[in-house]
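Written below as structure tokens is the structure these notes are about.
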Amino acid sequence: MKHGLLYILCAAFAAAGAGYAAEVTVKSPDGRIEAKLEDGKQLSFSITADGKKVLDKAAIGMSTNKGEFGADATIKGSKSRSVNTEIKPLFGARKTITDNYNESRADLGNYDVIIRVYDDAAAYRFVSKNGGEMIVKQETLKLPLKDADKVIAHIVNGIRTSFESIFTRTTAGGLKGLKKGANASMPFIFEKEGMKIALVESDWTEYPGLRIHYPKDADSPRALFAPVPKKLVQKGNQLQPSEVEDYIAKTSGTREFPWRAFIVARDDKVLADNDTVYKLASESKIGDASWITPGPSVWDWWVNWNTKGVDFKCGFNEQMCKYYVDFAADNDIPYITLDAGWHVGREGLGKTYLATDARTKFIDIYNTDENYINGKPHVDIPGVVEYAHSKGVKVVIWCLSKVLYAYPEKALDLFKSWGVDGLKIDFNDRDDQLMIRHIENITKLAADRQMVIEWHGCPAPSGLQRTYPNAITFEAVHGAEVNKWAKTVTPSHNVDLVFTRMLLGPMDYTPGGMRNSNERSFKAIRDIPRVQGTRAHMAAQYVLFLSTLQMISDMPSEYMKEQKLLDFIAAVPTTWDDTKVIEGKIGDYVVIARRKGDKWYLGGMCGWGGKDVEIDLSKFLPEGKYLAKIVRDTINSDDIPEDYKIETKKVTSDTKLKLSMRSGGGFAVKFMPYK
């Protein structure tokens, strides 16, 4: 391991003269980014990139029962260090992350502020130095944006949310016009001086998630946090607060608080491959993680347990589960994910999705915690797991979050006794302190039992994937499931996700839809849904979208009709040794190369406008000869989105590979070296 560490006492600190504020400045290793912390009546944080001010005196602070951090602030001194080391992530875009930064820790009495600057980001965090318990009433982060400044925001309707919105283009002032309670969860991107600045958070623990809102009586957007619930009550299939405290956290008086980081993107490509959130997160706490298996998973819910060509009644039953196991085993797919309904069945939900007295009564049974842990599952999960394991297939089962809130160890012990390999935990729909505590606690308890967790209806990971690598994927995305009821999962939205949601960590988008539609032909259908974009656009998502557990979401019978395509997507790795962004523009198109071993993959997709690209393979391929297996659009894919071609070409690292992405199109290429 390469490791460089330099400590300098009282460096980067300009002491105040009479009537002047003191400041701490930190520059990036390459000297192009500078962060500044200034004291005075209100503590502020600024960032300059390439000599241009991209964040000008953002007010920061914390209101606590131990004092007002940031108000009437006096920097007493600082301690600085430079770090140049390597991180070896278990999963993700690369097997080695260079962790090179300069950092200063400013002493402000009973609290410190740490400023850390990378070549592509600047971050700060508060550190309290008080004994006992501390109440955080509110945290301050006021973004000094003009109303005309452009923003890209993940706008949600309120504090209660599943974190599954599209990314909206608007202005900072446009946030004022949102309906009451609406706000933006991370990442929050704004434009300054021709650069995009992405606000993210990392290393949250025992603390609520960061949001941004713009109150009508304010002069700029600012931080918003969910208050601590005083009382939780069941609302449908989840727990929500009926009463809240007048503070956002009750926590240890001696601790580090989450990082607030600003990624500086001089080019959109910086956003398409960025490790800032991972680097700022705490190191793994689970010790040996060799038992965690990455890979794709067959999934049943998206197509409502339907398939073709079988001699049994389709539905959530043991025959269907074993059919999925056989399909996975036959195609070297290491997981199956069994979704909602294994505990009491799904028959009482009906097919119409309309409220009836019988359906309402059944839903009450369906949502009752004890019906998940009574040891009498409607579907013989222990039997299915035993069958799956005999074929080398692992099993993940779905569970309501509130069941694990009520019975954390009892539920996990029961599922482990059945041999279950992991859980898909759904309907969290909050990011207050108690929910963040719950997510971390269940992930830890699952790790103790060597179980992986797939979080759904949840806040985005914000570094938890490093601290607990068994949290192998998170939803928090406007993903393919939305095709069942809306037209908003467009090809340009899919491109957006690479530059936005994926800044925070693994994303369970659930790709794989085989009923591909163009802009004219798409219709939202619940039982057997369609997707927008070409089939090659779908194939590209397996290269572009990062998820340690990646869903293969359509009916097995659909893939059996296209065995060569199934062979391709099922073999795409879900964790990589290296990644290089080749080209891209947010919302327009993206092309990324990823490596596993000596094989490289290239994925590209675009919006409805289409895109022709010529890729210089020397940008990522080592010198040599390669067989390139290409999944691409055809000249007719604009009108027939299901039309695609798989072909193999001989190329070299000097080849300029031309590829035409049709409307909503894409491509996926696998490069295999040969002599």
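Quick notes on this one:
- Residue identified as out of contact with any Cys (no Cβ under 6 Å at 6 or more places or on another chain), open to solvent by 10 Å² or more (accessible area, probe 1.4 Å) and modelled with pLDDT under 95 among LYS192, LYS179, LYS137: LYS179
- Every condition in (1) buried (at least 20 other Cβ atoms within 10 Å of the Cβ); (2) under 15 Å from ASN183 (Cβ atoms); (3) more than 20 Å from the chain's Cα centre (by Cα) holds for ILE155 except the one numbered (3).
- In the set (1) free of Cβ contacts under 8 Å to residues at least 40 places away in the same chain; (2) open to solvent by 40 Å² or more (accessible area, probe 1.4 Å), LYS444 fails one condition alone, (1).
- If you filter the range 341-383 down to residues that are β-branched (Val, Ile, Thr) and either within 30 Å of the chain's Cα centre (by Cα) or under 26 Å from VAL233 (Cβ atoms) (or both), you find that the one that is modelled with the lowest pLDDT is THR356.
- Within the range 637-664, considering residues that are open to solvent by 70 Å² or more (accessible area, probe 1.4 Å) and of a type in the set (Val, Ile, Thr), the one farthest from SER517 (Cα to Cα): THR648
- When residues in the range 62-82 are screened for being surrounded by fewer than 17 Cβ atoms within 10 Å (Cβ to Cβ) and among the aliphatic types (A, V, I, L, M), 1 of them pass.
- Whichever residue in the range 486-501 is among the hydroxyl-bearing types (Ser, Thr, Tyr) and surrounded by fewer than 24 Cβ atoms within 10 Å (Cβ to Cβ) and, among such residues, is nearest to THR276 (Cα to Cα): SER492
- Taken over the range 504-522, the residue count meeting the criterion of being under 13 Å from VAL489 (Cβ atoms) and acidic (Asp, Glu) is 1.
- In the set (1) of a type in the set (Asp, Glu); (2) under 20 Å from ALA460 (Cα atoms); (3) not in a loop (DSSP other than H, G, I, E, B), the condition left unmet by GLU164 is number (3).
- Residues that are part of a loop (DSSP other than H, G, I, E, B), open to solvent by 30 Å² or more (accessible area, probe 1.4 Å) and closer than 17 Å to ALA122 by Cβ, drawn from the range 274-289: ASP275
- Members of the range 25-57 that are farther than 10 Å from TYR118 by Cα and part of a loop (DSSP other than H, G, I, E, B): ASP39, LEU43, ASP50, GLY51
Results for (1) over 22 Å from LYS611 (Cα atoms); (2) under 13 Å from the mean Cα position of the chain (by Cα); (3) at pLDDT below 95; (4) open to solvent by less than 10 Å² (accessible area, probe 1.4 Å), shown as yes or no for each residue.
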residue: GLY505; (1), (2), (3), (4): yes, yes, no, no
residue: PRO511; (1), (2), (3), (4): no, no, no, yes
residue: THR534; (1), (2), (3), (4): no, no, no, yes
residue: ALA539; (1), (2), (3), (4): no, no, no, yes
residue: VAL543; (1), (2), (3), (4): no, no, no, yes
residue: ILE552; (1), (2), (3), (4): yes, no, no, yes
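The values are calculated or read from the model by the stated rules, or taken from the named source; none is laboratory data. Note that the coordinates shown come from a computational prediction; the quantities given were computed from them, not determined experimentally. Glycine gets a Cβ as well: all are built from the backbone with ideal geometry, and neighbour counts include every protein chain shown. Remember, those area values only see protein heavy atoms, side chains included, never the ligands or the DNA or RNA. Shrake-Rupley method; radii C 1.70, N 1.55, O 1.52, S 1.80 Å.
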